[in-house]
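To start, the structure under review is shown below, and the notes come after it.
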Amino acid sequence: MCRLRVLVDLPRHSRLDAVLDYLAPEPWPAGTLVRVPLGKREVCGIVWGMAETPDPAEVDGEASVLRSVVQVLTDLPPFTHGWLRLVAFAASYYQRSPGEVALSALPPDLRDLDAVQLARRLKRLDKALATAAKVANAAAQAGTPERPALSPEQQQVLDVLADGPPQPSLLFGATGSGKTEVYLREAERVLAAGRQALVLVPEINLTPQLEARFAERFPARCIVSLHSGLTPAQRLQHWLSAHLGRADLVLGTRMAVFASLPRLGLIVVDEEHDPSYKQQEGARYSARDLAVWRGRHEQVPVLLGSATPSLESWYNAGPADAGGGRYRRLVMPSRIGGGALPAVRVVDLARIAAQFGKQALRAHPLAPPLLDALRERLDRGEQSLVLLNRRGYAPVLHCTNCGWKSACPHCSAWRVFHKLDRTLRCHHCGITERVPRACPDCGDPDIQPMGRGTERLEEQIADLLPGARVRRIDADSTRAKGSLAEQLASVHAGEVDVLVGTQMVAKGHDFRRMTLVAAVQADAALFSSDFRAPERLFSLLMQAGGRAGRDAALAGRSEVWIQTWHPEHALYAALRRHDYEAFAASQLAERESAGMPPFSFQALLRADARTPEVALAFLDAAALQAQALPGAQEVLIYPPVPAPIHRIADVERAQMLVEASGRVTLHRLLAQWLPALQGLSSEPATRVLRWALDVDPISI
């Protein structure tokens, strides 16, 4: 008998060790999948390596204490050394247990299979892949798809990627500049060398159209997707295809960064700026950052693509003498076909209010000049997109008599009015109830909606443009399975004149007939307490504007309209010029003067409790513990404060920011701090429901 170290799914704050010892008849290699006893359960585990003292005599002496491995899943090849290193790094950097990171990266169905069940699944997979291969071969024999001619900028980028070392590259390309074609050509080069390619997208709704593009280009290749929208059986089948090396291309959302790929040769992160790449529950990892780390350590190129890169990536791709030099910057400023970027028109709402009155603005969502521009598009048979990043009919109902508002009884937030089903819904805890017939406080039947959501905007535009085909796409209108694909198809087919939507439709979509994009309420983020809000607003507006004029023949008359009370704001001035570089330079200068990321490094300690006093007491005690640790004088610990939405589902939330000028300094403190936090959460005065440490938070 020998002693193996095995990863099991235990959280970092568990009283058990992160890696447990088990007895085994032979030394199975690291990365082997096993089933082991844990308490009264039998769970999935991954061999992490041999114990430090594999002396048989010592093992025999501990036989009454150590338990044996129940089963070894030998039909599945062990995980590669590179994958195990990725898990170890992610666990260490984001302060989680390696077992929690490793096991959460596996398909749920795989964790429940024994050896016999796994063998059956593998036989099924062989049949499915054989059938798919026949279809693919038939498609390939029908002819090789024609590849579009490359622009000079695309060719230059591909030449640099082919000749340069396998390092991270930031592909800074204008919307419509052909970044996807660069991804396709790079994947083609990698596949020809017998390697696999991993392509990440920020949201599930972008996966089908990208998968269709890759399937059209590579009809004879095995392409799979990995995201939470798959059924458990589909996810297991796709994961097995990747792990066994049978899949050539893997497309997926942030979870796919942990895909097991034995022949990995390329990682692409599309729309790398998107905050969806940061996991907000459990192990709060950044898929973009892990992709860069994985590429460096597995010696494969990483391609980060965006028209509005995150400021962290922009800084990392800057000059080495200014702190950058970590990424190679590749630029494609021109649109395919020589099409012009849309003209940006800013509507001064103060001037419109002075001319037509504030009541007119409350009654009608669109300023008269914008309404005229929409009518022009209708007359020419072109499409328009009206952007409002707020779903529902109205964000709140209120009583005009006593001032009652539709507050959520369980959250520090309003319940949103949804007119289609006459409900009030809290978008945080999910509580839903029918709209009351009269004010619950005073009985007055005159309760009115305040503000505007996409439902109301759709209704008002339909009234203002009689005969126009108005369609709304948001999280509410696309709940049914397949409805998003169906609605997008109708837009592409020209069956929609005016599309009303949230940020779901503002990025990644190639609407060929669209020549106008309008943002009706863009000002809220200008004065947010979150220092990243201007960056997100600029990115959203620029990405949304990129949906206009994708067809070079229509680009000359494409426009972006922005309704604002602050037309002279520097952000809108940069947007008018399509000058991301100037905007990024000004934002980085502000952050440097304020000591904000990327010029500092942060972690956020969050605490949830039944009362705000307990949550804040836990954080206060945690701060005292941190201040007593070695090196604490090099770290700034801010006072604990309630979270922006301090109560959700009757749970009070508080947070505390920790900041350091150096990454190593911060992580040295966090590593010492966590054991103390585990003990603190069990004391009566500071016993919280849960606590979590968020390294490199993007929402504060």
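Things worth noting here:
- Shape annotation for the chain: C-alpha extents along the principal axes are 92, 70, 55 Å, from largest to smallest.
- Backbone phi angles across the stretch 505-510, fed through the Karplus curve with coefficients 6.51, -1.76 and 1.60 (θ = phi - 60°), yield HN-Hα couplings of 9, 8, 8, x, 8, 10 Hz in residue order; Gly and Pro are listed as x.
- Accessible area in the full protein assembly, largest first, 1.4 Å probe, for LYS123, LYS507: LYS123, LYS507
- Remark on VAL344: its backbone amide H falls under 5 Å from those of VAL560, a criterion applied only to residues 5 or more positions apart or on other chains, H modelled at 1.01 Å from N.
- Mean separation of Cα contacts under 8 Å, 6 or more apart, over the residue count of the stretch 536-615: relative contact order %: 16 percent
- Spin-label model, GLU281 to ALA475: label points 7 Å out along the Cα-to-beta-carbon direction sit 1.2 nm apart.
- Cα gyration tensor shape of the stretch 576-700, rounded if a/c is under 1.5, else prolate or oblate by comparing a/b with b/c: oblate
- Here the label points at ASP348 and ASP444, each 7 Å from Cα along the C-beta direction, are separated by 3.7 nm in the simple model.
- Accessible area (Å², 1.4 Å probe, nearest 10) - ILE431: 50 Å²
- Using θ = phi - 60° and Karplus 6.51 cos²θ - 1.76 cosθ + 1.60, couplings along the stretch 199-210 (whole Hz; Gly, Pro as x): 10, 9, 10, x, 9, 4, 5, 8, 5, x, 5, 5
- Chymotrypsin sites (Phe, Trp or Tyr not before Pro) restricted to DSSP loop in the stretch 580-613 with at most 16 other C-beta within 10 Å: PHE599
- Amide H contacts under 5 Å for ARG690, placed H, 5+ residues apart: ASP608
- Loop-resident sites, the stretch 399-490, for trypsin sites (Lys or Arg not before Pro), counting at most 13 other Cβ within 10 Å (DSSP): ARG422, ARG437, ARG479, LYS481
- Fraction of accessible area attributable to carbon and sulfur, the chain (%, probe 1.4 Å): 52 percent
- Antiparallel beta bridges, as assigned by DSSP with both residues in the chain, represent about 50 percent of the total such bridges.
- Among the GluC sites (Glu not before Pro) found in the stretch 565-622, those both in a DSSP coil and sparsely packed, with 16 or fewer other Cβ atoms within 10 Å of their Cβ, are GLU568.
- Accessible area (Å², 1.4 Å probe, nearest 10) - ASP126: 70 Å²
- Candidate cross-link partners of LYS278 among the lysines, defined by an alpha-carbon separation under 22 Å and a same-chain spacing of 8 or more, comprise LYS507.
- Each Cα pair under 8 Å and six or more residues apart adds its sequence gap; the mean of these over the residue count of the chain is a relative contact order of 11 percent.
- The stretch 440-586 - percent relative contact order, Cα under 8 Å, separation 6 or more: 20 percent
- Mean accessible surface per residue for the chain, computed with a 1.4 Å probe while every protein chain stays in place, in Å²: 43 Å²
The values are calculated or read from the model by the stated rules, or taken from the named source; none is laboratory data. Everything numeric in this text was worked out from a predicted model, so none of it was measured. With ideal geometry, Cβ positions are generated from the backbone for all residues, glycine too; neighbour counts draw on all protein chains shown. With ligands, DNA and RNA removed, areas are computed over all heavy atoms of the protein, side chains included. Shrake-Rupley method; radii C 1.70, N 1.55, O 1.52, S 1.80 Å.
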